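Colleague: Just passing along the structure, written as C-alpha cells.
Every number in this text was worked out from the coordinates using simple rules, so none of it is lab data. Everything quoted here is computed from the prediction, not taken from an experiment. Glycine gets a Cβ as well: all are built from the backbone with ideal geometry, and neighbour counts include every protein chain shown.
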Amino acid sequence: MDPYVEAVSRIIKEQQSIIGPVAVDQANKVTGLSVGTGDDVQISGNKKQVLEGLVNQYAKLFGKASIEVCKEAIEPVYDKIPVGDLPDILKN
Amino acid sequence: MVSEDKIRVFLKLQQLALDIEESTKLLEQFLPAVLQDLNLAGSQYIFLAALFIDDSGNIKQTFFTDKSNNQTAGQVTKPENFLQKGSEWEMKVMYGEAAVISDVAYFINPAYPEISKIHSLLMLPIQHAQKLSGVLILARSKTADQISAEEIEFGEMITRLVNLSFRLQDTEGSLTKITQQVYEMNAKLHQLDKLKDDFVSVASHELRTPMTAIRSYVWMALHRSDVPLSQKLEKYLYRTLVSTERLISLVNDMLNVSRIESGHIEINPQSFDIVALVRDIMEEVKVKADEKRLQLLTLEQKLPPVFADSDKVHEILLNLIGNAMKFCYPGGTIAVSFFTDGQMVDISIKDSGAGIMKDDLSKLFHKFSRLDNSYTAVSTSGGTGLGLYISKSLIDLMHGKIWVTSEGVDKGATFSFSLPIASQQVLQHAEQFQVKAKGEVKPLEPATI
Amino acid sequence: MDNAKTKILIIEDDQFLREFYQELLQGERYIVEAEPDGEKGLEAIRQGQYNLILLDIMMPKIDGLQVLRDLKINPGNFKNTPIVVLTNLGQDAIIKQAFDLGAAGYLIKSALSPDQVLKEIQSYLQKNP
C-alpha cells in the first residue's frame with residue numbers, strides 16, 4: 001500500500017478510536033481527501049499536502065493532543081516515507 | 001427611520017457575520033468589514049472600537065479597527081475613560097442610550113496619527129440579555145452637533161450585529177475549549193485502555209508458565225509416581241490438579257472477557273452446518289463424558305445452513321455442553337436438539353442435572369454470578385463464573401439470543417441460543433453481521449472443559 | 001513402533017517445563033534430549049538426528065521463530081524432522097509465521113493436560129516414522 005495512504009488511513013482509524021465517527025467527517029473536509037471508512041481512503045493531488053492538511057484539520061478542532069496522536073499512529077510507517085517528504089508538523 | 005440602502009448594508013453585514021467560518025477569530029474579521037461598509041455607505045468613521053465588560057463592569061476584551069488595521073484599542077484610546085463611573089456618557093450608556101462626545105482628547109492617545117481628523121465620538125451601548133455587555137465607539141469626522149437621528153438608529157442596529165458576532169465567537173471559543181478537553185480525556189482513556197490490554201496480555205502470559213508447571217508436576221505425582229500413593233495423598237493431589245486447571249481456565253476466560261470488552265474480537269460470519277458442528281463437538285467431549293458416565297444425545301434434524309462465525313459458535317457450544325457436563329449427575333444425559341421458525345435456528349442443550357431455581361435464572365449471564373452452593377455442590381470442578389457471560393457477549397455480537405429454562409432444583413436445565421439462517425436476505429446484508437475489531441484483532445483463548 | 005528407538009529434542013527455556021516434558025516423554029520410553037535456549041537448540045538440531053523436535057517460541061536470545069528461519073535458510077544436514085512449536089500465546093499471527101517457516105504443528109502448553117500432550121506427540125510421530 002502507498003505509504004501516504006497507509007499513513008492517512010492509520011491516522012483516521014486512531015482518531016476514530018478516540019472521538020468516533022467525527023474523525024471521518026473531519027477527514028472528508030480536507031481538500032484532496034475522500035474517505036469512506038478508515039480503510040477506504042482516496043488521495044488526489046499532492047500527498048504530502050493532503051497528509052499535512054489532515055493533521056491540521058484535527059489540530060484545529062482538538063488541539064495539540066491530536067497531533068501527538070497522529071504521530072503515534074504513523075509510527076509503523078515512519079521508515080517508509082523519507083524525512084524530507086514528511087510534513088513538518090509530523091516530524092519528531 | 002433608517003434609509004433603504006443602510007438597511008441593505010445591515011443585512012449584508014448580518015449575513016457576513018453568519019458566514020464567517022473561522023468563528024474563533026470572528027470579530028477580528030468582522031469589524032474591519034463593518035467599518036469598511038459603513039464608510040462605503042458614506043459614514044466617514046475614522047476608527048471603530050468595541051469594548052466588552054464582564055458582570056462586574058470590568059473590561060474583559062477590546063477590539064479596534066481603522067484604515068491601517070494594525071493597532072489596538074489600548075494603543076489608540078484610553079478604554080477605562082469610556083466607562084468612567086459617574087460620567088455623563090457612562091450614565092447615558094448605562095441607561096441604554098447613545099452618547100455623543102466632543103472632548104475627543106480625553107479619550108484618544110495624542111500620538112495617534114489620525115487624531116486631527118476626529119471631531120466627535122459616538123458611543124453606543126451593546127446590550128445582551130437586557131444588560132450592558134459593552135460599548136461600540138465610532139470616531140466621527142463630523143462634529144457632535146452634526147449628528148442625525150438616523151445615524152444613531154443605524155448605529156444601534158450595528159451594535160446588535162456586534163453583539164451577535166461576539167456571542168458567536170465566545171460560544172465557539174467555549175466549544176473549542178470543551179472539545180479539546182474532551183478529546184484529551186478520551187485520548188488518555190484510550191491510552192489507558194491500551195496499557196490495560198498489554199498488561200492483561202503480559203500478566204496472563206506470565207501467569208501461565210508457572211501454572212502449566214504446577215499442573216504438569218501434580219499430574220506426574222498422580223500418574224507417574226514412583227511410590228504408591230495413599231488415598232489421602234491422592235485426594236490432595238487430585239484437588240490441587242483440579243484447582244490448577246480451574247485457575248488456568250480462569251486466566252483464559254479473563255483474557256477473553258478483556259478482549260471482548262475492548263472490542264478486539266472480530267466476528268467473521270460464514271454459512272455452515274450447525275448440526276455438523278454439534279456432532280463434532282460431541283465427539284470432542286466424548287472421552288470426558290464417558291469418564292463421568294454421561295450419555296450424549298444429538299437429536300439431528302435437516303436444517304438450512306446458519307450464518308455466523310463458526311469459531312465463536314464452537315466456543316459457545318463447548319461452554320454450554322461443558323456446563324451441562326459439570327452439573328449432571330453421573331449416569332445422566334445431555335441432549336442437544338434444534339428448532340427453527342424459518343428465520344432463526346434455536347440450539348438447545350438439555351441436561352438432567354442439578355437444575356436452577358427460578359430466582360437464580362436471571363443471574364446467570366452476568367460476570368461471576370454465584371449461585372447458592374446448596375444445589376450446585378455437585379459441580380466440584382466448578383466453573384470460572386465467566387463462561388456464560390462470554391457466551392452471551394459473543395451471541396450478542398452475532399445478533400442472536402441466549403436463554404435458559406429450568407423446572408427447578410434437580411429437574412435439569414435447558415440452555416438455548418439462536419443463530420440466523422443463511423437466507424437470501426441475510427446473505428445480502430452480510431456486512432451487517434460482520435464485526436470488525438477496534439485496533440488489533442485478538443483470538444479467543446480456547447475453552448477448556 | 002518402538003519408542004526406544006525414537007529420539008525427541010526439546011528446546012524450552014523454562015527449566016521446570018523443560019524437565020517435565022523430558023520426564024513425561026522418558027516415562028513413555030522415548031529417548032529425550034533437551035536444550036535451554038535457541039542457540040544450543042540449533043546446534044543440537046544440526047548435530048543430531050531426531051524423530052521429533054519440540055520448540056518453544058518465547059525464548060531469550062534466539063527465539064523459536066529465528067530457529068525455524070535459520071533452518072529454512074540454511075538447512076545443512078537437517079531434513080524433514082517435524083518441528084512442533086510450543087506456545088502459550090495462541091496468537092494466530094505467530095503460529096502462521098511458524099507454519100510459513102516450516103513448522104509441522106503447534107501445541108498450546110497451557111491448554112493441554114499432560115496426557116493430551118502425549119497423545120499429540122504420538123500422532124506427530126505416527127505421521128512421520
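Colleague: Which of the aspartates and glutamates could be linked to residue B:235 by a straight reach, that is with a Cα gap under 13 Å, when you skip same-chain ones fewer than 8 residues away?
Modeller: The reachable aspartates and glutamates, counting only those whose Cα sits under 13 Å from residue B:235, number zero.
Colleague: Identify, among B:332, B:200, B:134, the residue whose Cα sits farthest towards the positive end of the charge dipole of chain B, taking +1 on the Cβ of Lys and Arg and -1 on the Cβ of Asp and Glu, with the dipole about the Cα centre.
Modeller: Among B:332, B:200, B:134, the one farthest towards the positive end of the dipole of chain B is B:332.
Colleague: Just name one of A:12, C:76, B:268: the one whose Cα is farthest towards the positive end of the charge dipole of the protein assembly as shown (beta-carbon charges, Lys/Arg +1, Asp/Glu -1).
Modeller: So the residue we want is C:76.
Colleague: Turning to a different aspect of this structure: First measure r as the distance between the Cβ atoms of residue B:344 and residue C:115, then evaluate 1/(1 + (r/R0)^6) with R0 = 60 Å and state the FRET efficiency to the nearest 0.05. Could you put the intermediate results ahead of the total?
Modeller: Working: r = 40 Å, r/R0 = 0.66.
Computed FRET efficiency for residue B:344 and residue C:115 comes out at 0.90.
Colleague: Which pairs break 18 Å Cα to Cα here: C:40/C:61; B:194/B:392; B:196/B:438?
Modeller: Values: C:40/C:61 11 Å; B:194/B:392 24 Å; B:196/B:438 15 Å.
Correct reply: B:194/B:392.
Colleague: If you don't mind, another one. In terms of Cα to Cα distance under 28 Å, which lysines are near enough to residue B:142, apart from those fewer than 8 places away along the same chain?
Modeller: List returned: B:6, B:12, B:67, B:78, B:85, B:92, B:117.
Colleague: Would you please report the Å³ per residue occupied by the convex hull of the alpha carbon atoms in the protein assembly as shown? Provide the component values of the computation, followed by the final result.
Modeller: On the way: hull volume 178.2 nm³, N = 670.
Convex hull volume per residue, Cα atoms: 266 Å³.
Colleague: Considering all projection directions equally, how large on average is the shadow of the alpha-carbon convex hull of the stretch C:3-127, in square nanometres? Working shown, then result.
Modeller: Working: hull surface 27.4 nm².
If I average the Cα hull's projected area over directions, I get 6.9 nm².
Colleague: Spelling out what I want: for every residue of the stretch C:46-53, take phi, set θ = phi - 60°, compute 6.51 cos²θ - 1.76 cosθ + 1.60 (Karplus), and round to whole Hz; glycine and proline get x.
Modeller: 6, 8, x, 10, 10, 8, 7, 10
Colleague: As an exercise, use a Förster radius of 22 Å and the Cβ-Cβ distance of residue A:85 and residue A:28 to find the FRET efficiency, rounded to the nearest 0.05. Spell out each step's value before the answer.
Modeller: Details: r = 24 Å, r/R0 = 1.07.
For residue A:85 and residue A:28, the calculated efficiency is 0.40.
Colleague: Whole Å is fine, so just give me how far the alpha carbon centre of the stretch B:405-421 lies from that of the stretch B:197-238.
Modeller: Centre-to-centre distance over Cα atoms comes out at 34 Å.
Colleague: As a test of the definition: which semi-axes, in Å, follow for the stretch B:74-151 when you take the square root of five times each eigenvalue of its alpha carbon gyration tensor? Largest first, please. Walk me through the numbers on the way to the answer.
Modeller: Values: eigenvalues 87, 48, 22 Å².
Output for the stretch B:74-151: semi-axes of 21, 15, 10 Å.
Colleague: Send over the per residue convex hull volume for chain B, Cα only, as a whole number of Å³.
Modeller: 261 Å³
Colleague: Another question, then. List the residue ranges in chain B for DSSP H helices whose C-alpha atoms run 18 angstrom or more along the long axis and whose Kyte-Doolittle average is 0.5 or above.
Modeller: Within chain B the helices that satisfy the rule are B:26-40.
Colleague: Specify, per residue and in Å³, the volume enclosed by the convex hull of the alpha carbon atoms belonging to the stretch B:237-382. Walk me through the numbers before you get to the answer.
Modeller: Details: hull volume 19.6 nm³, N = 146.
In the stretch B:237-382, the Cα convex hull volume per residue is 135 Å³.
Colleague: Picking from B:70, B:163, B:268, which is most flexible by a Gaussian network model of chain B using Cα springs under 10 Å?
Modeller: Residue with maximal mean-square fluctuation among B:70, B:163, B:268: B:70.
Colleague: How many angstrom lie between the Cα centre of the stretch B:19-57 and the Cα centre of the stretch C:19-68?
Modeller: What the calculation gives is 81 Å, centre to centre.
Colleague: Would you calculate a helix-derived [θ] at 222 nm for chain B, using -39,500 (n - 2.57) for each DSSP H run of n ≥ 4 and dividing by the full residue count, to the nearest 500? Intermediate results must be reported in sequence, preceding the final value.
Modeller: On the way: 13 runs with 212 residues, N = 449.
Rounded to the nearest 500, it is -15500 deg cm²/dmol.
Colleague: In debye, nearest 20, what is the charge dipole magnitude of chain A about its Cα centre with +1 on Lys and Arg Cβ and -1 on Asp and Glu Cβ, if you could check? Display every interim value, and only then the final one.
Modeller: Details: 10 positive and 13 negative charges, 53 e Å.
Using Cβ point charges on Lys, Arg, Asp and Glu, chain A gives about 260 debye.
Colleague: Here is a follow-up. Once you charge only the Cβ atoms, +1 for Lys and Arg and -1 for Asp and Glu, what is the size of the charge dipole of chain B about its Cα centre, to the nearest 20 debye? Write out the running numbers ahead of the final one.
Modeller: Numbers: 46 positive and 56 negative charges, 316 e Å.
So the dipole magnitude of chain B works out to roughly 1520 debye.
Colleague: Moving on. Taking a temperature of 4 °C and a viscosity of 1.567 mPa s, what whole-number D in µm²/s does Stokes-Einstein yield for the stretch B:194-241 with Rh from Kirkwood over alpha carbon pairs? Can you show the working numbers first?
Modeller: On the way: Rh = 12.5 Å.
Using the Kirkwood radius from Cα pairs, D works out to 104 µm²/s.
Colleague: Further, regarding this structure: At a Cα cut-off below 19 Å, give the aspartates and glutamates reachable from residue B:288, other chains included and same-chain residues fewer than 8 away excluded.
Modeller: Output for residue B:288: B:245, B:280, B:315, B:351, C:115, C:120.
Colleague: So which residue, out of B:102, B:337, B:406, gets the largest mean-square fluctuation from a GNM of chain B using Cα contacts under 10 Å as springs?
Modeller: B:102
Colleague: Just going by the charge dipole of chain B, with Lys and Arg at +1 and Asp and Glu at -1 on Cβ, which of B:233, B:210, B:45 is farthest out on the positive end?
Modeller: In chain B, that residue is B:233.
Colleague: For the stretch B:296-328 and the stretch B:95-170, what is the separation of their Cα centres, given in Å?
Modeller: 81 Å
Colleague: With springs only between Cα atoms under 10 Å, which of B:183, B:112, B:217 fluctuates most in a Gaussian network model of chain B?
Modeller: Fluctuation is largest for B:112.
Colleague: Same structure, new question: If the convex hull of the alpha-carbon atoms of the stretch B:4-176 is projected onto planes in all directions, what is the mean projected area in square nanometres? Show your work: numbers first, answer last.
Modeller: Values: hull surface 38.7 nm².
The number I arrive at for the stretch B:4-176 is 9.7 nm².
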